[in-house]
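*Asks:* Mind looking over this structure? Questions follow.
The values are calculated or read from the model by the stated rules, or taken from the named source; none is laboratory data. Model, not experiment: these values are computed from the prediction. Cβ coordinates were reconstructed from backbone atoms using ideal geometry, including for glycine residues, and neighbour counts include every protein chain displayed. The protein model used for the area step is the full one, side chains on, heavy atoms only, and it has no ligands, DNA or RNA in it. Shrake-Rupley method; radii C 1.70, N 1.55, O 1.52, S 1.80 Å.
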Amino acid sequence: MENILNYDEAELKQWMDENGEKPFRAKQFYDWIYKGVFDFDDMKNLSQKTMEKLKKNFYIGIPSVVRKLNSKKGDTVKFLFSYNDGNIIECVVMKYDYGNSICISTQVGCRMGCSFCASTIGGRVRDLTSGEILAQILKAQDEIGERISNIVLMGSGEPLDNYHNVIKFIRVVNSEKGLNIGQRHITLSTCGIVPKIYDLMREDLQITLAISLHASDDETRKKIMPVANKYSISEILEVCRKYSDVTGRRITFEYSLVKGVNDDKESAKKLGELLSGMLCHVNLIPVNTVNETSYEKPESFKVKKFCDTLLKYKIESTIRKEMGADINAACGQLRRNYIEESEGK
Ligand code: SAH
């Protein structure tokens, strides 16, 4: 049996046609899905015959909720979702004045090995399919009873290490027939797989590209991100300049500040020099301590100083607002804790 959500509407139309069904049944099916109806039996305008045929061939791959945690302030909801093979991922909804934003996962686990990140402990288990990525949003909307208008691909996994599924997902979620979420409301975050960023640039998409830079020199970057052994900062910046030339989009650079590793004035100056004159924005993230690591966040005055130094180079930065710290909302921590609990650690 296949997950029907991996078929976009055009593919499902074709399937209907090839299987003796009217192509418009595909639209009927997706109309129900986008209304939050996730059971074939409740799709009232599908004929009995169509329904039986669909049930014989497909299942609707909506994950079930293993855990749902609301932050005390009520601005963050974190989900642990389980797919039908038992694999668990996490996703977070953040409620802002301008709408609801969701942080979704693209892989079960991750193989990039960044030393501060909980998602990578245990490696990559498998890629998520386009339908499974979409289903996180469908399920989360259903759970919170509100529309989601912004997507960040910043959950577990490296989106560009699961390229085709991620691109298919973006096209589906952006299409008028789908959830119709504007490309400018979608951010893809990558640790910097340079050739794949070139591929992305050629997709003719208007999404925001976020780069996990986390260091302003290759030596420091190599200490915390194995991917830095493959691609240098200068190669990353080159492709970023091209990306913003081609798409007209401002690049976001993420910089997780780790006490004693990359938070000093010299690093800030170097970052300022590197990015000076670029169409970009820096997102400073005081590192979230993961149980398995000894990394600590810098004192807040140091974070502020880093921000001020960048400003001298006319580079704007924001310090990421900490939301949902009380519910383990950071980067793969909840799944990690759940796994450790299940293993009785
Ligand atoms: N693989 C993608 C997206 C996933 S993580 C990427 O590397 O960009 C989203 C962001 O959170 C990345 O910038 C990542 O480096 C950062 N991150 C991961 N763990 C973190 C932690 N413990 N503290 C602060 N930032 C973290």
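Residues checked against (1) modelled with pLDDT under 95; (2) assigned to a helix (DSSP H, G or I); (3) over 24 Å from Val125 (Cβ atoms); (4) basic (Lys, Arg):
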| site | (1), (2), (3), (4) |
| --- | --- |
| Ser256 | no, no, no, no |
| Lys269 | no, yes, yes, yes |
| Asn283 | no, no, yes, no |
| Ser294 | yes, no, yes, no |
| Lys305 | no, yes, yes, yes |
| Asp326 | yes, yes, yes, no |
| Arg335 | yes, yes, no, yes |
| Glu340 | yes, yes, no, no |
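*Asks:* Quick test for you: out of Leu160, Leu237, pick the one residue that is farther than 28 Å from Val108 by Cβ, assigned to a helix (DSSP H, G or I), assigned by TED's automatic domain parsing to the domain that holds Glu146 and open to solvent by less than 60 Å² (accessible area, probe 1.4 Å).
*Replies:* Leu237
*Asks:* Go through segment 225-234 residue by residue and tally those that are buried (at least 20 other Cβ atoms within 10 Å of the Cβ) and basic (Lys, Arg).
*Replies:* Counting residues in segment 225-234 that are buried (at least 20 other Cβ atoms within 10 Å of the Cβ) and basic (Lys, Arg) gives 0.
*Asks:* What is the one condition in (1) outside any strand (DSSP E or B); (2) open to solvent by less than 30 Å² (accessible area, probe 1.4 Å); (3) not hydroxyl-bearing (Ser, Thr, Tyr) that Val93 does not satisfy?
*Replies:* (1) is the only condition that Val93 fails.
*Asks:* Does segment 7-27 contain any residue that is more than 20 Å from Lys168 (Cβ to Cβ) and basic (Lys, Arg)?
*Replies:* For segment 7-27, residues more than 20 Å from Lys168 (Cβ to Cβ) and basic (Lys, Arg): present.
*Asks:* May I ask you to verify whether Val37 is open to solvent by less than 70 Å² (accessible area, probe 1.4 Å), modelled with pLDDT of 95 or more, in contact with a strand residue (DSSP E or B) (Cβ under 7 Å, 6 or more places away or on another chain) and of a type in the set (A, V, I, L, M, F, W, C)?
*Replies:* For Val37, the condition - open to solvent by less than 70 Å² (accessible area, probe 1.4 Å), modelled with pLDDT of 95 or more, in contact with a strand residue (DSSP E or B) (Cβ under 7 Å, 6 or more places away or on another chain) and of a type in the set (A, V, I, L, M, F, W, C) - is not met.
*Asks:* Could you give every pair whose Cβ atoms fall below 7 Å, whose first residue belongs to segment 106-118 and is in the same structural domain as Arg221 (by TED's automatic domain parsing) and farther than 17 Å from Ile88 by Cβ, and whose second residue is in a strand (DSSP E or B) and near the ligand (Cβ under 9 Å from one of its atoms), counting only separations of at least 6 or pairs across chains?
*Replies:* Phe116/Ser256
*Asks:* For Gly109, which of the numbered conditions (1) touching a strand residue (DSSP E or B) at 6+ places or on another chain (Cβ under 6 Å); (2) open to solvent by 50 Å² or more (accessible area, probe 1.4 Å); (3) not charged (D, E, K, R) fails to hold?
*Replies:* Here Gly109 clears every test but (2).
*Asks:* Another one. For segment 112-157, how many residues are farther than 22 Å from Tyr34 by Cβ and part of a helix (DSSP H, G or I)?
*Replies:* 3
*Asks:* Right, next: Can you tell me which condition Lys177 does not meet? The list is (1) within 16 Å of the ligand (Cβ to nearest atom); (2) open to solvent by 40 Å² or more (accessible area, probe 1.4 Å); (3) more than 19 Å from Val108 (Cβ to Cβ), and all the others hold.
*Replies:* Checking Lys177 against (1) within 16 Å of the ligand (Cβ to nearest atom); (2) open to solvent by 40 Å² or more (accessible area, probe 1.4 Å); (3) more than 19 Å from Val108 (Cβ to Cβ), the one that fails is (1).
*Asks:* Continuing with this model, one more query. Can you tell me how many residues within segment 271-301 are within 16 Å of the ligand (Cβ to nearest atom), more than 30 Å from Asn337 (Cα to Cα) and surrounded by fewer than 18 Cβ atoms within 10 Å (Cβ to Cβ)?
*Replies:* 1
*Asks:* Residues to consider are Lys27, Lys73; find the one that is open to solvent by 10 Å² or more (accessible area, probe 1.4 Å) and in a helix (DSSP H, G or I).
*Replies:* Answer to the selection: Lys27.
*Asks:* Then there is this: Return the residues of segment 188-213 that are at positive phi, away from the ligand (no atom under 12 Å from the Cβ) and surrounded by 19 or more Cβ atoms within 10 Å (Cβ to Cβ); say none if nothing qualifies.
*Replies:* Listed by number, the list is empty, since nothing qualifies.
*Asks:* Next up: Cβ-Cβ under 8 Å, sequence separation 6+ or interchain: first residue in segment 35-60 and of a type in the set (A, V, I, L, M, F, W, C), partner open to solvent by 50 Å² or more (accessible area, probe 1.4 Å) and not in a loop (DSSP other than H, G, I, E, B). Which pairs?
*Replies:* That search, which allows pairs on different chains as well, returns Phe38/Asp142; Phe40/Lys55; Met51/Asp41; Phe58/Glu2.
*Asks:* A further question on this structure: Spot the failing condition for Ser216; the list is (1) within 16 Å of the ligand (Cβ to nearest atom); (2) open to solvent by 40 Å² or more (accessible area, probe 1.4 Å); (3) not in a helix (DSSP H, G or I), and only one is missed.
*Replies:* (2)
*Asks:* May I ask you to verify whether Ile88 is surrounded by 14 or more Cβ atoms within 10 Å (Cβ to Cβ), of a type in the set (A, V, I, L, M) and closer than 13 Å to Ile4 by Cα?
*Replies:* no
*Asks:* What is the one condition in (1) within 29 Å of Thr220 (Cβ to Cβ); (2) at pLDDT 95 or above; (3) away from the ligand (no atom under 13 Å from the Cβ); (4) not hydroxyl-bearing (Ser, Thr, Tyr) that Gly109 does not satisfy?
*Replies:* (3)
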